[in-house]
Each structure stands twice: as C-alpha cells, then as structure tokens.
1. One residue is enough: does the range A:461-473 have a residue meeting the conditions within 14 Å of chain B (Cβ to nearest Cβ), touching an Asp or Glu at 6+ places or on another chain (Cβ under 8 Å) and free of Cβ contacts under 8 Å to residues at least 24 places away in the same chain?
2. Does residue A:362 satisfy being modelled with pLDDT under 90 and either basic (Lys, Arg) or in the same structural domain as residue A:253 (by TED's automatic domain parsing) (or both)?
3. Just for the range B:57-75: of the residues that are over 20 Å from residue B:106 (Cα atoms) and in contact with a helix residue (DSSP H, G or I) (Cβ under 6 Å, 6 or more places away or on another chain), which one is farthest from the other protein chains (Cβ to nearest Cβ)?
4. Of all residues in the range B:35-76, how many are of a type outside the set (Val, Ile, Thr), surrounded by 20 or more Cβ atoms within 10 Å (Cβ to Cβ) and part of a helix (DSSP H, G or I)?
5. State whether the residues of the range B:95-113 include one that is within 14 Å of chain A (Cβ to nearest Cβ), touching a helix residue (DSSP H, G or I) at 6+ places or on another chain (Cβ under 6 Å) and not in a loop (DSSP other than H, G, I, E, B).
6. So, in the range A:401-449, of the ones that are in contact (Cβ under 8 Å) with a residue 60 or more places away in the chain and among the β-branched types (Val, Ile, Thr), which residue ends up nearest to residue B:130 (Cα to Cα)?
7. Go through (1) buried (at least 24 other Cβ atoms within 10 Å of the Cβ); (2) in contact with a helix residue (DSSP H, G or I) (Cβ under 6 Å, 6 or more places away or on another chain) for residue A:282 and report which single condition fails.
8. What's the total number of residues in the range B:49-86 that are among the charged types (D, E, K, R) and at positive phi?
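The values are calculated or read from the model by the stated rules, or taken from the named source; none is laboratory data. Computed from a prediction, not measured in an experiment: that's the story for all the values here. Here the Cβ positions follow ideal geometry from the backbone for every residue, glycine too, while neighbour counts run over all protein chains shown.
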Amino acid sequence: MSALPRPVGVRPDARKSAALARPIAVLAAPEFAVLALDQGSGTASVPVVAVGDPVRLGTLVARPAAPDSVSLHAPVSGRVRAIEQRPLVHGDGLCVVIENDGAERLDTAVRPVGWNGLAGPELLERLHEAGIAGLGGAAFPAGVKLAAARTADVSMLLLNGAECEPWICCDDALMRERAADVVLGAQVMLAASGADSCVVAIEDDKPEAVAAMTTAIDAAGDARITLRALPAVYPLGAERQLIDAVTGREVPHDRLPPAIGVVCQNVGTAAAVARWVRTGWPAIARIVTVTGSGVAEPANVEARIGTTVAQLVAACGGYCGEPLSLIAGGAMTGRALGTDAAPVTKGLACVVAATASDLSPRGPERPCIRCGDCSAACPAYLLPQQLHRAALVDDEAGLARLGLADCIECGCCDYVCPSGIPLVERFRAAKARKLERDIDRLRAEEARGRHERHLRRLAAEAEAERRAFDEARRRARPADPG
Amino acid sequence: MSEPTLLPAVAIAAALSAAAGAALGWAASRLRPDPGSLVERIDALLPQTQCGQCRYPGCRPYAEAIAAGEADIDRCPPGGTATVHALATLLDRPVRPVDEQYGIPGPARIAVIDEERCIGCALCLPACPVDAIVGAPRLLHTVVAAQCTGCALCLPPCPVDCIELQDPGNAPPPVARRRGQP
C-alpha cells in the first residue's frame, strides 16, 4: 500500500533524440489501406462491408465482436478491394483492403460532436462507436474502459504520458506539438468517465513536453486537470506501475484499476478523442515513431491506420545502413517484424529498424548465480529467479503460485541478469503453454458434455425403439388368431 | 516417591491417546472421501477423447475403474505422460510410462472425411462419441473439426474407408463453405 521512494525498474539509455529532431510529419493517405480486423487487442472485429462496396472516409467497415475489439472505419475513401489474410505485426490475420480513390470524401456521419450537451452514457456510446482505442499499445477500446470506470464510480482519470520505452517518442512529440488536444481530450474523457480530477503523468526527461502541457493546462483554465512530473524509470508507463507511482496505491493483482478509483488512458488516446469531437473523425490515424540507425531520417509520422510499415520507412528517407531487424513496438517489449508489409494498427506506436550498432547481442546464457538482481528490478514485485526455475520444469502449480500471470513482460529482469538468461522469453513460452493447456481443458470439458448428451440420446432412442416394438406387438396381438 | 507421581501422568497420556484414537476412528468412518468425488476428480484429468483405447467405453468408465482400483493409470495414450503425471500426483502413485499395449502417445489428430469417396451411408454418425459428424443418409458427411476429439471410432464402421486421421493444421476447410462454389 505504501508509496515506494522511487519506482522500481531499470534505466536503459534513451534513444529518442533522433526522431524528436523533426516535427511530426503528416503522411499522405496510402493508395491501399490495409485494415487489420484485429487491431492488436486480441479479438478480431467483424466486417460489415463486402468486396466491391464503395466506402467514404469514416464509413464503418467492421463492428466490435467482443468487449475487447473496436469499431473500424475506412481511413480513405474508395472501394473495398479484398478481405483476405495479410501479414500483420503478430503473424497473419484477416484484413479489409480498401483502394483509395484520392477524393477524401467524408462519410455523412463524420461531423463535429457536441459533447458538452451529451449525458455521460451517451457520450461513452458515441466514443465507442468512433472506434477510439488505447493508443499506448494495447488497443483496448477506450469506450469500454471508461464505461467500466463510470460503473465503478472512479474519482481520478490518469493520463499516461510517461512513455518509458527507450526508443518510443510519439507521445512526447504529440504533447510538444498538440498539447491543447490532449487537454481537450482529457475534458471529454472526464465527462465520459464521471471522474472529478485528471492527472497528466509525464517522465521528467521530457522537459519540453512538460512545459507545453503546463501552458496548455493553464490556457484551458480547468482546475480539475493537474500535471505530475515523475522520475524517468522504465517501465513507469505500464498502467499498474504508473498508478502505483502517482497514487502510492497498488492495484490488486486480480483486479483492474477502477477497483482503487482510477482509470488510465494514454495521452495519444486523449488527442484522438479531441480530434473526434472537433472534426468527427473516428480513430483512423495515429502517430508512429519510425526510428533506429537503419532509417535515414528518423521521425514521428502521423499515418492513416492501414498504411504499411514499408511506406512509413519510405516517408522517413528509406532504409540506410544494414538493418538487422525490424522491431514493432519498443526495444524492451517490442516484437520482431517478419515483413515491412504489415500495416499500421491502432496499437502500433513505434517501428525500429535496428542495425548492429543498436543491438547489444546477448552473451551466451550462463547458469543462474542467484544474485537476486532480477527480483530487485521487477516492477511487478515478482521473483523472476524462482519463476525461471519453475518455468524450466514447467511446474504449473508453482508458476501459478509465483504469479506468472502478473508478469508484464517488461524485460527488466532480462536487462539486469548478469548471466544473460532470456527470462522473459521463457515466461512468455510458459504463458503460451498454460494457455494451450487451458484451451485443452476447455475442449475436454466440451467433449465431456457432448459425450454425455450423446449417451443420453442413444439411451432415449433405444427406449423409444423398444416402446414402438412393444406397441406394435400389442396391436398385432388382438388380430392374432392364435 | 516416584510411583505415585508417575501413575497419573501415564493415565492421562493413555486417556488422551484413547480419545484421539476414537476421534480419528470416527473421522475416518464418517468423513471418508466421497468415492463419487474421486471419480469426478480423476475424470477431470482425462482428455475426454472417449476413444476407448483404455478398453473402457469412455473416459468416465475408466475413471470409475481407476477409483475402484481395477485399472492402472497408464492406459491413456491420448493423455500421454502429462495425464499419467497428473493422475500419479492425485492418487499418490508412482509415475510410469503409458503402457504401449493400449496405444502409443502421439500428437493430437482429427478425423477428416474424403468427400470424393463418402457414399453418405450414415454409419459413422452413431459411432462418434461426441456427435461431431454432420450428415444424413445419402448426403455428404463432414466432421466438425472443432469438436472432433480424434478418437478414431468412426474409422472402422466406414464401408469405403473414406475417413482418415490428419494433423489438425492440415484439415481442409469445412465442406459447407466449399459447397457453394462450382
């Protein structure tokens, strides 16, 4: 419960200056927009258009299929050319491909939103329909999260501008250049969530962003919104860690932040909300950091959702040097991209084209010396060394007891391990094995039910046949002369 | 002087032992673990393929046989080593490899009907323990891949041998989706 003197974590070298040297570049709409039905939240949306349908900018293309999927809107005007499998950031997935006619005709539904006149629940519904998703990386629907906050009667809206990953700086650039949008978005989300105060949390290694946000908050004259500068420690930008650092209260591991009266949103999400109320644009664009020594002119670019990574890199002067790998997301939590044909999704904050000079190769793995550095660095307060021992032998009960599910895969344990043990990789694999077992269990459960119903059906059929036989015999008997 | 002080101590110890023994005896008879719940717990660890390779007609009968001490825990090839481990932990028995007399553990597979050869005889329908085959007499049958447990019980009744077990990853898309195409 008590606040820690300093947030727990590590301090990797920041690599943000290259991309921050240039202002945000607004990219032209792509010739083909590739809309992934799974925008990164885990559940694919359901398309509501067919191949050949004409669409306008902002036309609804897919509707949410579950609480964790979002509405998708056409980021360009034109015609649906295909609904097919395309490479995505996480493997292949179904995409709606729209050919841009270049006319940028707006859908009739794209109109400024008079949010001040809307009651909270209606505002939430409209916000959800606009497909606003968490732009910090999880792409969880903002409307669903804010609705849960409203139900739980939260008091604080926490705007996450911490951005602790060493390469990512799209939020930093956004706060420097569009601070007023963040403040407007905060006001709309305060109205939607029913919270009565808003804290904008920014790491203190972003003085320009802090200055710009302070000016914008003062200009808005809204006493509910305050700014907090926090020490720059990775992974402070993780939701639970940020809440811990700002409020001094830990979110219980099996609950969500509204349980302690807080709802957290990314500053980029706030800006997306602001654009939506100002212009009516649904969430069809986002800012992506394109950086790494393998990119000629690193920058933050604002691209339509569905622009490919190749187009982002081309807009930044193309590849240079010998890029060894493309990383989607930051260096700490990102994943290697197999191809630059993957499209921008609502959850993609950063693309790193890394060369040998960016990557420090992990040395050969040596045995664990039980130094305990990983436990001291773990921001989720787990014991990575113990978890690792359990993961090696796939001790399911032990992993559950040690809190594998609470691992946020931030990579701090990896970063400090003097033996070069790929801890997070092992934890991810252990989580995947657990998921597989859980699915097997669910399937077994279903098969058990189906088998029981099968047996009951066979018994009922046999019984019916016996009755029919008896009936036929009884009817046949009176006529029997014998 | 020592005898008079020793005697009550021995008596108290004897009385306590008798009381504890009686309590334990009563507990052992009254609070006996429900044999039904043991069957449930064993059944929960079995893979529910209902394949009968253990020589019992389904997972539940095998669970009942294990609970009754009639069958050992090494008879389930689909469950493989993981199931033997889980059963050994639950029942506090030594871990042993799956008895190959009942089958050899392998990757999960599902049944797939070759549409070119299926004659629509419907003989495989009642054989499926989880009703995962859709079909009717003189109509093409298909296996619902998501519900197939790979038990192989549909193979023997098929008169034209048009069903085979495949790696689930290689399963062709459901017939219904291809039917509309020329």
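1. Residues of the range A:461-473 that are within 14 Å of chain B (Cβ to nearest Cβ), as a first pass: A:461-462, A:465.
From what's left, touching an Asp or Glu at 6+ places or on another chain (Cβ under 8 Å): none.
No, every residue in the range A:461-473 fails to be within 14 Å of chain B (Cβ to nearest Cβ), touching an Asp or Glu at 6+ places or on another chain (Cβ under 8 Å) and free of Cβ contacts under 8 Å to residues at least 24 places away in the same chain.
2. Details: modelled with pLDDT under 90: yes; either basic (Lys, Arg) or in the same structural domain as residue A:253 (by TED's automatic domain parsing) (or both): yes.
When the stated conditions are applied, residue A:362 passes them.
3. Among them, the one singled out is B:71.
4. 6
5. yes
6. Restricting to residues being in contact (Cβ under 8 Å) with a residue 60 or more places away in the chain and among the β-branched types (Val, Ile, Thr), the top hit is A:408.
7. Unmet condition: (2).
8. As a first pass, look at the range B:49-86 and keep what is among the charged types (D, E, K, R): B:55, B:60, B:64, B:70, B:72, B:74-75.
Filter again for at positive phi, leaving B:55.
Counting residues in the range B:49-86 that are among the charged types (D, E, K, R) and at positive phi gives 1.
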